[in-house]
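The structure under discussion appears below in the form of structure tokens.
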Amino acid sequence: MLTLSQDDILLGCEADEWRDALERAAEALHQAGLTAAAYRDGLFAREAQSSTFLGNAIAIPHGTPESREHVRATGVRVLQFPRGIEWHDGQRVHVLVTIAAQSDEHLDILRQLTHVLDREGIAERLAAADSRAEIAGLLSKAVVEARLDADTLCLGFPARDARELALAAAARLRQAGSVGNGFVTAVADQAPRPLGQGLWLVASQHDVSEPALALATPEGRVHEAGEALAGVACLAAQGDAHRCLLERLASLLENGGAAELAGADAATVLARLAGERAGSATRQVRVLNAHGLHARPAKQLVQVAREQGVAIRVRLVEGGGQAVSASSLTKVINLGARRGQRLQFSVDEAVDDERAARALAAVCRAVTEGLGEAVAPFDESREHHLPEPEAVIEPLPEDAPQSAVAASPGLAIAPAFVLRTPRFAYPERAADGAAEKARLEAALREGEAQLEALVQQARGGEVAQILSMHEEMLGDPELHQAAREGIDEGASAEAAWWHAIETAAHAQEMLADRLLAERAADLRDVGRRVLGILCHVEMPEPPDEPYILVADDLGPSDVARLDTSRVRGLLTARGGATAHSAILARALGIPAVVGAGERVMTLADDTRLILDGERGRFTAAPSAERLASAEQRLAEQHRREAAAWEARHRLAATRDGHRVEAAANLGNTAHARDAVERGAEGVGLLRTEFIFMAHAAMPDLATQVAEYRAAMEALDGRPLVARTLDVGGDKPLPYWPVPKEDNPFLGLRGIRLALTRPGVLETQLRALLMAGAPAAGGPEQARPLRIMLPMVKDIGEFRAARALFDRLLESLPEAERATDVQLGVMIEVPSAALLAPSLAPEVDFFSVGTNDLTQYTLAIDRGHPELSAQSDGLHPAVLRLIEMTVAAAHAHGKWVGVCGELGSDAAAIPVLVGLGVDELSVSARQVPLVKARLAEFDLAEARALAELALAQPTAEAVRDALEVR
Ligand code: PEP
Ligand code: MG
């Protein structure tokens with residue numbers, strides 16, 4: 001945004017007439033190094049088109065779009081002419097705000113200046129000002145708008161009263177980043193005040209970073225003080241910027257519209273709060289002008305609106321701005337509408353339908369026709385994805401290994417196939433709405449059929465689950481409805497569909513938690529499938545030979561569609577290790593490196609690549625020598641995989657017979673049987689939060705018992721280590737919202753969160769114990785159950801959970817619960833490892849979560865796109881913590897497992913065994929390889945390697961030392 005500083009202001013200028021003044025302004029821009037001399041012609045050409053006089057003695061000269069090539073840097077020069085000059089349209093001008101802008105930044109200046117236009121006496125004050133500070137002060141009052149948009153709404157919240165709703169609204173403001181904890185506390189301390197019509201208000205100025213209004217409405221019918229509760233407005237007040245929001249609430253009440261809020265969707269709520277009445281006729285239209293609604297098109301719009309003879313209001317659909325009179329130039333300019341944004345026009349319900357429709361059609365037509373400017377249709381899929389034209393991307397060097405994020409292990413060597421996103425060309429508007437709807441219906445049906453076929457091909461597992469989710473998204477009646485409404489307003493099927501998708505994806509992206517926000521990629525993926533069908537655009541055909549797929553980013557269904565017989569690996573410019581596409585790549589066993597930067601898109605098809613998904617490295621156009629060595633490693637990898645698969649059912653032990661259990665990590669109980677088939681000797685980590693995430697609401701006791709029992713039955717007497725709910729941090733649970741935190745990884749998560757709702761923890765423990773009740777076959781059918789608590793930091797948290805657990809054990813008759821049961825803790829917070837000697841006497845076992853333990857020990861976010869490669873569990877600091885943990889456990893006869901990713905790292909396995917770890921729990925695919933690796937060394941060797949590793953100063957030194965051995 002352009003801002004005005006005092007250095008930008010030239011006082012006391014003189015000019016005989018407007019041309020002189022404009023020459024001086026052009027010279028001032030040039031002197032400041034903002035423009036080339038030729039920009040002057042652009043300024044004159046622009047005045048020849050129409051006057052840039054704005055009002056109140058101010059003109060804002062700026063160049064034509066063609067002259068922007070002469071702009072060297074965006075900036076402004078303000079020239080004060082105390083004696084005034086007559087502008088070419090006859091207006092008196094005292095100040096020229098001359099703009100050099102490379103894009104549409106001048107809109108921001110316009111918005112800042114609109115407040116000046118409404119003020120009495122400002123022209124005189126600008127003329128008489130004798131200091132630059134005074135002029136700057138008069139012109140640059142910051143536009144502070146209180147926030148109200150879809151992200152500050154919390155609709156259909158399951159609250160029991162106004163107080164709970166008030167807290168939900170405050171939490172929403174904190175999630176939106178408008179307030180801090182102090183605000184939430186202040187709201188918690190006050191009783192909501194009734195505004196009437198079932199609407200209540202809480203407000204505070206405490207800990208507010210931006211003024212904003214949140215509105216929470218209840219799920220179903222809730223009564224407060226004998227009246228149906230419509231909602232609670234929660235106001236974050238600051239200065240007087242929130243006053244207009246209060247006025248909006250007041251006019252909503254005046255119109256008797258508050259009661260309608262309960263049960264309404266976000267669009268309706270925002271419309272009512274924007275001042276649109278329920279019965280108003282409305283119509284939306286997209287702004288097509290390259291530089292948005294700047295002064296000239298805004299003037300035209302105002303003229304058309306005035307000609308209609310009815311009061312027309314207009315607002316931006318995006319955001320929650322107030323509807324303003326379409327006949328007010330300053331208000332229309334102040335909307336700051338940019339190309340691609342949609343305007344909603346409305347005419348009050350008092351006007352007869354036909355007249356309102358005619359007026360709305362006229363203003364929408366004028367906007368579509370460009371308001372006096374030549375306009376191009378807006379293609380959202382294209383305009384949002386085009387790279388910056390001036391961005392010059394350096395090509396990748398040859399034969400030089402590059403580092404990125406390791407997303408799925410394995411080595412791959414193959415030529416590149418670079419997937420360039422297809423362009424969808426389609427008309428923005430279409431006349432025959434019925435035909436467009438029929439085309440959309442047909443495309444939706446075909447999309448469904450395609451997805452169904454893919455689900456069948458996937459035959460279960462994660463791939464099928466994600467594709468089924470896509471099917472559900474595609475069938476969403478709200479998306480269909482939004483697209484049909486777009487068609488009703490004259491959009492083509494393509495434009496209406498893509499717009500519906502973008503709106504929904506954008507809303508998803510706004511969610512505070514990363515995993516939910518990543519589902520926006522799924523939505524766009526579904527959207528592109530239908531768009532491709534509508535536009536008859538086929539995805540580029542990959543070669544018949546094996547290849548490494550290179551792409552900007554891959555949608556989950558792109559990965560699911562991959563022909564695994566030909567795709568040897570994935571390399572993407574964007575994406576992180578937690579993206580669905582990365583999860584899928586791991587599930588499919590395809591090596592993947594992600595987040596490698598835009599440069600990968602400069603690769604030519606057929607460039608040979610070496611991709612190391614284990615280390616997150618890749619090399620383009622490798623030398624013959626590097627290639628030969630990689631090929632040797634690959635051949636060795638294949639040989640090892642085949643041999644490991646053959647021997648997968650043998651007992652996991654070192655070469656000299658030292659037993660180390662090899663178990664599987666699961667997030668889905670349906671995969672337990674598959675894990676056993678892969679040789680797993682039990683489940684060493686059931687991430688129960690994924691079971692919870694798969695349900696739309698908290699699963700009840702019976703549902704949980706059935707889930708856990710399914711896993712135990714598939715395990716057929718092998719142990720199940722179930723971790724209690726581990727939500728918060730990077731694992732959100734939609735129906736257990738955690739208020740936004742500055743550092744969620746250091747916030748309310750794991751056992752800390754669970755202990756805030758002991759009822760939930762108790763139900764889960766009860767379900768686990770009940771699921772472990774002996775089967776009808778008798779005691780030989782026992783189901784060994786190990787329960788562990790996540791993120792424990794010290795004995796206090798363990799004791800709190802243990803007390804609950806012991807009460808349950810006592811209350812459940814033995815025949816109805818697990819008898820072979822242990823309660824342990826995860827060691828994933830350094831304090832727990834350091835305090836292992838005090839934990840060990842009371843727990844039954846430890847399981848080291850090396851993913852989090854490494855993150856917290858090294859202070860590196862495990863999902864960080866650049867740093868996560870350094871987050872190496874073989875760091876000697878982490879190894880020392882594991883050593884302490886094992887020593888404490890063994891001193892009390894307790895066992896220790898490792899269930900983080902380190903457990904499947906070939907270099908780390910002997911070190912962990914040497915440190916005394918008794919169990920390794922890894923992803924099911926890795927179980928055969930872990931067993932094979934164990935059989936390659938004996939215990940004495942492992943102990944020597946552990947000693948060696950502990951003595952190193954860095955993770956790299958550990959890896960180097962282990963490699964030499
Ligand atoms: C860990 O932190 O190592 C672990 C196994 O738990 P999660 O990856 O689920 O956080
Ligand atoms: Mg963890």
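The values are calculated or read from the model by the stated rules, or taken from the named source; none is laboratory data. This one's a predicted model, so the numbers in the text were calculated from it and none came from an experiment. Backbone-built Cβ (ideal geometry, glycine too); neighbour counts: all protein chains shown. Surface areas here come from the heavy atoms of the whole protein model, side chains and all, with no ligands, DNA or RNA. Shrake-Rupley method; radii C 1.70, N 1.55, O 1.52, S 1.80 Å.
Before moving on, here are some points about what is shown:
- Proximal lysines to K793, defined as alpha-carbon separation beneath 30 angstrom and excluding residues fewer than eight positions away on the same chain: K731, K740, K894
- Cα pair distances exceeding 14 angstrom across the range 141-206, given as percent: 61 percent
- When the range 6-140 is reduced to its Cα atoms, the Kirkwood hydrodynamic radius in Å: 14.5 Å
- Heavy-atom surface of the range 6-140, accessible at 1.4 Å and reported per residue (Å²): 41 Å²
- Of the trypsin sites (Lys or Arg not before Pro) found in the range 141-231, those that fall in a DSSP loop while having at most 16 other beta-carbon atoms within 10 Å are K141, R160, R221.
- Taking amide H positions as modeled 1.01 Å from N, with prolines and chain starts lacking one, the residues under 5 Å from S923 and 5 or more places away or on another chain are N665.
- Here's the list of aspartates and glutamates a cross-link from K437 could span, going by alpha-carbon distance under 13 Å and ignoring same-chain residues fewer than 8 apart: E485, D488, E489, E494.
- Considering the range 607-712 at the alpha-carbon level, its Rg and Dmax are found to be 20.2, 61 Å.
- Orientation-averaged projected area, Cα convex hull of the range 150-273 (nm²): 6.4 nm²
- Amide H partners (placed H, <5 Å) of E936, local residues excluded: R655
- Across the alpha-carbon set of the range 281-375, the Rg to Rh ratio works out to 0.93, Rh being the Kirkwood radius.
- Farthest towards the positive end of the charge dipole of the range 203-308, among the residues A230, G257, Q205, is the Cα of G257, using unit charges on the Cβ of Lys, Arg, Asp and Glu.
- When the range 647-964 is reduced to its Cα atoms, the Kirkwood hydrodynamic radius in Å: 19.8 Å
- Solvent-accessible area, 1.4 Å probe, carbon plus sulfur percent, for the chain: 50 percent
- Taken per residue, the accessible surface of the range 642-767 reaches 41 Å², heavy atoms only and a 1.4 Å probe.
- Normalised by the number of residues in the range 6-140, the mean separation of alpha-carbon contacts (under 8 Å, six or more apart) gives a relative contact order of 29 percent.
- In a fully extended conformation the segment linking L812 and E247 would gain 197.5 nm over its present Cα-Cα distance, using 0.36 nm per residue.
- Relative contact order (percent, whole number), the chain, Cα cutoff 8 Å, 6+ residue spacing: 8 percent
- Average Cα contact separation per residue, the range 190-237, under 8 Å, 6 or more apart, as relative contact order %: 47 percent
- Rolling a 1.4 angstrom probe over the protein heavy atoms with all chains in place gives the range 150-273 an accessible area of 41 Å² per residue.
- Kirkwood analysis of the range 56-104, using all unique Cα-Cα pairs, places the hydrodynamic radius at 11.7 Å.
- Of the DSSP H helices in the chain, those that are both long (alpha-carbon extent of 27 Å or more along the helix axis) and hydrophobic (Kyte-Doolittle mean at least -0.5) are 433-458.
- Fraction of alpha-carbon pairs over 54 Å apart in the chain - percent: 27 percent
- Dipole magnitude for the chain: computed about the Cα centre from +1 point charges on Lys and Arg Cβ and -1 point charges on Asp and Glu Cβ, it is near 940 debye.
- Between A374 and A228, the FRET efficiency from the beta-carbon distance, with R0 = 51 Å, is close to 0.45.
- Partner lysines whose Cα lies under 22 Å from the Cα of K299, excluding those fewer than 8 positions away in the same chain, are identified as K331.
- Rg/Rg_ref, the range 262-329, where Rg_ref = 2.2 N^0.38 Å and atoms are Cα: 1.20
- For the peptides 696-705, 408-417, 563-572, the ranking by mean Cβ contacts within 10 Å, running from highest to lowest, is 408-417, 563-572, 696-705.
- Amide H contacts of Q341 (H built 1.01 Å from N, under 5 Å, at least 5 apart or other chain): V287
- When the helices of the chain are scored as -39500 (n - 2.57) per DSSP H run of n ≥ 4 and the total is divided over every residue, the value at 222 nm lands at -12500 deg cm²/dmol.
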